[in-house]
Amino acid sequence: MTPEDRERLTRIGRQFQVPGEFHDGHRIKIGHINETFAATYLHFEMPFRVVHQTVNTHVFRDPEGLMRNVVRVTEHLRRRLVWNGTDQIPRRVLQAVPARDGKFFHIDGDGVFWRTFIFVPDVRSYDAVETPRQAYQAGFAFGEFQSFLADLPASLLTPTIPDFHHTPKRFQRLQQAIARDEYNRGRLARKEIEFAESMADCVSRLVDAEARGEVPVRVTHNDTKFNNVLLDEQTGDAMCVVDLDTVMPGLILYDFGDMVRTTTSRTAEDEVYLDRVELEIPMFEALLKGYLTAARSFLTPSERSLLVFSGKLLTFTIGIRFLTDYLEGDQYFRIHREHHNLDRCRKQFRLIESIMEKEDEMEALVEKLWEA
Ligand code: GN1
Ligand code: MG
């Protein structure tokens, strides 16, 4: 940790109701959006570990509303876990730590918005799925998350990013970026632009289904990347769903779709060897099995009939967000190399092609496992 980071964390730590004295800390996740640090405090020699995390307020315009959502949702989950008699509850749901003034956030002198959670020990996350068992665990964890929140009225939550997964609006924004081509990058993304345009017909399918009342609005996670579920280091079991910033009213199909995007191929989100990118049927089958085990009790027939489609659509939606950001000069997603957002987009589009090749097989699995 740099001396500046240390100084900064010490200062931030004092603002929260963390017992003891700051001992040390380090950066733990280079997310696309927020900054995250783990810190250890010593309280009469006993270590107490927390996570201090910033909220990017350009992305999340109402961070206080966001934290209200997070507290409401985690308290609801905790009540359910207690009711179910689950053990190790502190490892199964995030616990926000209040600031000295009792609020669940602190705004520092530079206007940076901070919140603090108790550290979840002995778990790890993976950027890419490695085994079908992990896929099962992720499917089950997010399915259970949705099922535990099924009785929390979605209207109690603030939309932290309005129209977050609204594919037609995302598509429109892409078209604007293509037309403007402010960074003269359109020529480098010709094939991707063509591919995106070829998908125009399916962009409004889920929002239309929602508008017609065919699929219900529920409390959903909205960022169900595989690395947002923490797995026990020893057993590999899913312990805790994290990154609750986008928990808000949504369609469960957005969650399932993003799981398909991130949990069916053993490649990273920015894989450049595209011939390695494939929807792996054993991964999909395990993911689906885990998900249905937890979600069977609340899924409606129309939701079920759109599961496979949602995989394609969410991969497309995130893919065009990467492409748009590339064309707009990498303003949104943090990049680590040149053309990074274009690489991310290419990976998503290759996965869509693979999904289209295997759609029938995937639909057959939904039928089979639903009956099972
Ligand atoms: C962002 O910050 P992170 O990595 O959890 C993004 C998601 C994208 C994801 C792609 C608020 O998530 O929507 O799917 O990157 N979150 C936001 O990796 O835009
Ligand atoms: Mg996130």
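The values are calculated or read from the model by the stated rules, or taken from the named source; none is laboratory data. Remember, predicted model here, so these are calculated numbers, not experimental data. Backbone-built Cβ (ideal geometry, glycine too); neighbour counts: all protein chains shown. Note: accessible area is taken over every heavy atom of the protein model, side chains too, but ligands, DNA and RNA are not part of it. Shrake-Rupley method; radii C 1.70, N 1.55, O 1.52, S 1.80 Å.
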For segment 263-372, compute the number of Lys pairs whose alpha carbons are separated by less than 18 Å, excluding pairs fewer than 8 positions apart on the same chain.
6
For segment 171-238, the Cα convex hull volume per residue in Å³ comes to 179 Å³
Scan around Phe16 for amide H atoms under 5 Å from its own, H built in the peptide plane at 1.01 Å from N, and keep only partners 5 or more places away or cross-chain.
Arg100
Counting Lys and Arg as +1 and Asp and Glu as -1, each charge on the Cβ, what is the dipole of the chain about the Cα centre in debye, to the nearest 20?
680 debye
Roughly how many Å is it from the Cα centre of segment 293-353 to that of segment 19-49, as a whole number?
32 Å
Please identify every one of the GluC sites (Glu not before Pro) in segment 158-262 that sits in a loop by DSSP and has no more than 15 other beta carbons within 10 Å of its own beta carbon.
Glu182, Glu214, Glu233
Relative contact order (%) - segment 1-63, alpha-carbon pairs under 8 angstrom, separation at least six:
26 percent
Just the accessible area for Ile33, please: 1.4 Å probe, Å², rounded to the nearest 10?
40 Å²
Kirkwood Rh, Cα Rg: Rg to Rh for segment 270-327?
1.07
Kirkwood radius from Cα pairs of segment 60-176 plugged into Stokes-Einstein at 25 °C, 0.890 mPa s, gives D in µm²/s equal to 143 µm²/s
In the chain, if every C-alpha pair distance is counted and binned at 10 Å from zero, what percent goes to each bin?
5, 23, 33, 26, 11, 2, 0
Loop-located trypsin sites (Lys or Arg not before Pro) in segment 268-372 whose Cβ has at most 14 other Cβ within 10 Å (DSSP):
Arg296, Arg334, Arg337
If you fit an axis through the alpha-carbon atoms of helix 167-180 and take the longest principal axis of the Cα set of the chain, what angle between them do you get, 0 to 90°, nearest 10?
80 degrees
Take the Cα atoms of segment 243-372, build their convex hull, and give its volume per residue in Å³.
117 Å³
Filter the chymotrypsin sites (Phe, Trp or Tyr not before Pro) in segment 1-78 down to the DSSP loop ones having no more than 12 other Cβ atoms within 10 Å, then list what survives.
Phe44
When N is the residue count of segment 223-299, what does its C-alpha Rg come to as a fraction of 2.2 N^0.38 Å?
1.17
Nearest 10, in degrees from 0 to 90: the angle of helix 340-371 to the longest Cα principal axis of the chain is 80 degrees
Residues with amide H under 5 Å of Asn222's amide H, sequence separation 5 or more or different chain, H placed in the peptide plane at 1.01 Å from N; which?
Asp255
With N set to the number of residues, divide the alpha-carbon radius of gyration of segment 294-369 by 2.2 N^0.38 Å and report two decimals.
1.39
Once you have all Cα-Cα distances for segment 149-294, histogram them in 5 Å bins from zero and send the whole-percent values.
2, 8, 13, 17, 19, 18, 13, 7, 4, 1, 0
May I ask for the angle, rounded to the nearest 10°, between helix 132-148 and the longest principal axis of the chain, with both axes built from Cα atoms and the value confined to 0 to 90°?
70 degrees
Mean residue ellipticity (222 nm) of the chain, computed from DSSP H runs ≥ 4 via -39,500 (n - 2.57), nearest 500
-14500 deg cm²/dmol
